[in-house]
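Colleague: Take this structure first; my questions come after.
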Amino acid sequence: MPEPIVRPTRRMLLQGAFAAAVIATGMSRLRTALAAGNLPPGVAQIKGDVRINGKPAERGQRVVQGDVIDTGKNGELVFVAERDAFLVRANSRIEFGSAAARGAVTVLRIITGAMLSVFESGARREIRTTTATIGIRGTGIYVETEAKRTYACTCYGEAVLTPLDDPAAEETVRTRRHDQPRYIYGKGVPNMMAVAPVVNHTDVELQMLETLVGRKVPFELGTY
């Protein structure tokens, strides 16, 4: 059954506004570094316990195919790879790799946790989770994975959402601004795809990531 859409309370809105203010401060610092030419490539921002291939992450460190990213309970990582940018949430494990058998496709496997990403238009990208494969054609997308379902919000652009246990239920989502969030379920659920609310990511975070790669989000900030 489709999950009920959660309407934000005043407390939730205030918490969101506070979080947005904190993120905006960090984004301002990143913009200053960009303008001064001081921002190193690769890892742009580290908070808490973050490890790449088992070793503590360092600012400026390149993230390349084959790397494994782990974030602790209070960890968070922002990094750039080519013309794509990523924000990895706490308690996450991400494998950054490629699928040569399917052509020139960059593949990110979210084993646990969550990640917000912005991708350059045109290049083939793919996100894999425990229950879904998500094909990217240039978009902003937020993905959380759980044991029995995946949350995917195509913030803008286009993505192809495919349940691993029912490829026939594949759906192509085209959105302008968080229009069609989805839950993608695993085996044993009658409806493999369900409507979801917009949760746990903001327009300000998307703008911060796009700024790192010299782009802007395709809408005015302020709603989420």
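Values quoted throughout were computed directly from the atomic coordinates according to the rules given, and no laboratory measurement underlies them. Predicted model, so just to flag it, every value in this text is computed and none were measured. For neighbour counting, all protein chains shown are included, and Cβ atoms are generated from backbone atoms with ideal geometry for every residue, glycine included.
Colleague: At 0.36 nm per residue, minus the direct Cα-Cα distance, what do V195 and R62 gain on full extension? Give it in nm, one decimal, please. Don't skip to the end; give the middle numbers.
Modeller: Numbers: separation 133, 0.36 × 133 = 47.88 nm, distance 3.64 nm.
Value of the extension gain: 44.2 nm.
Colleague: By per-residue mean of other Cβ atoms within 10 Å, what is the highest-first order of 133-146, 110-123? Mind showing how you got there, number by number?
Modeller: Details: 133-146: 21.9, 110-123: 19.2.
For the peptides 133-146, 110-123, the packing ranking is 133-146, 110-123.
Colleague: How far apart, in nm, are the 7 Å Cα→Cβ label points at E82 and K187?
Modeller: With each label point 7 Å from Cα toward Cβ, the separation is 3.4 nm.
Colleague: For R177 and V160, compute 0.36 nm times the residue count separating them, minus their Cα-Cα distance, and round to one decimal in nm. Before the final figure, lay out each step's value.
Modeller: Working: separation 17, 0.36 × 17 = 6.12 nm, distance 1.63 nm.
Stretched out fully, the R177 to V160 stretch lengthens by 4.5 nm.
Colleague: Whole angstrom only: what separates the Cα centroid of the range 105-156 from the Cα centroid of the range 68-100?
Modeller: Their Cα centres are 11 Å away from one another.
Colleague: Still on this structure, please answer the following. If you wrap the range 71-197's Cα atoms in a convex hull and average its projection over all directions, what's the area in nm²? Could you put the intermediate results ahead of the total?
Modeller: Numbers: hull surface 30.2 nm².
Value for the range 71-197: 7.6 nm².
Colleague: Suppose the chain between A147 and N53 were pulled fully straight at 0.36 nm per residue; how much longer would it get relative to their current alpha carbon spacing?
Modeller: Details: separation 94, 0.36 × 94 = 33.84 nm, distance 2.33 nm.
Contour length minus Cα-Cα distance gives 31.5 nm.
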